[in-house]
Amino acid sequence: MALVSAKEMLEKARDGKYAVGQFNINNLEWTKSILQTAEELKSPVILGVSEGAGKYMTGFKTVAAMVKAMIECLNITVPVALHLDHGTYEGCYKCIEAGFSSIMFDGSHFPIDENVAKTKELVAVCKKLGLSLEAEVGAIGGEEDGVIGKGECADPEECKKIADLGVTMLAAGIGNIHGKYPADWPGLSFETLAAVKAKVGNMPLVLHGGTGIPTDMIKKAISLGVAKINVNTECQLSFQAATRKYIEEGKDLQGKGFDPRKLLAPGAQAIKDTVKEKMEIFGSIGKA
């Protein structure tokens with residue numbers, strides 16, 4: 001199956017009261033693990049790519065070519081969207097050129113009028129090309145791959161301004177953060193989420209910072225219109241822990257050093273386990 005826009009899968013998730021997982025990719029092993037798990041569980045999936053990860057993998061064209069080839073060679077039949085995560089205005093156009101099927105323009109740090117103007121332009125471009133577009137209002141807290149936010153709660157009126165432009169999905173800050181949540185985190189602001197939902201109607205909503213949010217909060221967010229949930233840090237932590245354990249146990253030394261395929265295998269399995277756990281919580285298993 002070729003790459004698809006995230007529009008149809010998110011509308012189905014919204015109507016079915018479940019969420020599609022966006023799992024960020026950073027290398028071949030992560031991509032392969034996520035695709036194989038999605039196929040095994042018959043779940044639609046969104047592969048997120050930050051600008052930093054794209055640069056690390058030598059560019060967005062390399063990423064798009066790798067993902068498209070894997071889909072073909074692994075016989076992936078579930079819907080897969082390749083999505084730019086927290087994209088700059090310039091980064092959006094680079095990903096469009098590279099062959100991504102979905103992009104996120106993060107204009108949350110701009111004054112609302114500038115966010116609206118740039119988003120409106122990208123809506124027209126994406127509509128013409130059949131791509132899905134995510135926009136953001138209210139910066140997500142914490143830091144992810146150099147993108148820093150203060151954890152604002154979005155203004156519902158500003159959310160409506162962006163939603164009315166015709167974006168596919170909207171990320172609204174509701175007290176969520178990237179990375180690990182601190183012990184004194186007050187939790188998601190469901191009051192804000194409900195107010196945003198009341199303003200934007202059936203627009204599929206996006207919850208960033210899916211790592212560490214309690215399951216009951218995730219399920220409540222889904223009931224209030226969240227149809228896409230992003231997970232990155234949890235995959236990073238599980239990959240790191242499994243790889244470190246393998247090294248510390250001294251496996252595969254044999255006086256020759258590590259075989260990189262064996263070295264990365266435990267981390268790849270950890271990614272699969274994490275993705276499966278999240279898909280179960282999100283309710284997307286069997287929804288392809």
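Read the figures in this text as sums done on the coordinates, not as results from a lab. Since the model is a prediction, treat every value here as computed from it, not as a measurement. Cβ atoms come from the backbone with ideal geometry, glycine included; neighbour counts cover every protein chain shown.
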Q. Going by how many other Cβ atoms sit within 10 Å of their own, how do 30, 185 line up, fewest first?
A. 185, 30
**Q.** Cα gyration tensor category, rounded, prolate or oblate, for the range 168-209 with a/c compared to 1.5
**A.** oblate
Q: Please build a GNM for the chain, connecting alpha carbons under 10 Å apart, and tell me which residue among 100, 239, 23 fluctuates the most.
A: 239
(Q) Pick from 59, 138, 267 the residue whose mean-square fluctuation is largest in a GNM of the chain, springs joining Cα atoms under 10 Å. (A) 59
Q) Of all DSSP beta bridges located in the chain, what percent are antiparallel, nearest 5? A) 10 percent
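Could you list 78, 49 in order of exposure, starting from the residue whose Cβ has the fewest other Cβ atoms within 10 Å?
78, 49
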Q: Would you calculate a helix-derived [θ] at 222 nm for the chain, using -39,500 (n - 2.57) for each DSSP H run of n ≥ 4 and dividing by the full residue count, to the nearest 500?
A: -15000 deg cm²/dmol
(Q) Cross-link candidates for residue 118: which aspartates and glutamates have Cα within less than 20 Å, leaving aside residues fewer than 8 places away along the same chain? (A) 51, 85, 90, 97, 106, 134, 136, 155, 157, 158, 164
Q.
As a test of the definition: which semi-axes, in Å, follow for the chain when you take the square root of five times each eigenvalue of its alpha carbon gyration tensor? Largest first, please.
A. 30, 21, 18
Q.
Sort 153, 92 by Cβ crowding within 10 Å, fewest neighbours at the top.
A. 153, 92
Q | Two-site FRET efficiency, residue 240 against residue 217, from Cβ-Cβ distance with R₀ of 22 Å, rounded to 0.05 | A | 0.30
Q | For residue 136, residues with placed amide H under 5 Å, excluding near neighbours | A | 107, 108, 171
Q: Specify the residue with the greatest mean-square fluctuation among 183, 172, 69, computed from a Gaussian network of the chain linking alpha-carbon atoms under 10 Å apart.
A: 183
Q) So what's the range 149-288 giving for Cα Rg divided by 2.2 N^0.38 Å, two decimals? A) 1.32
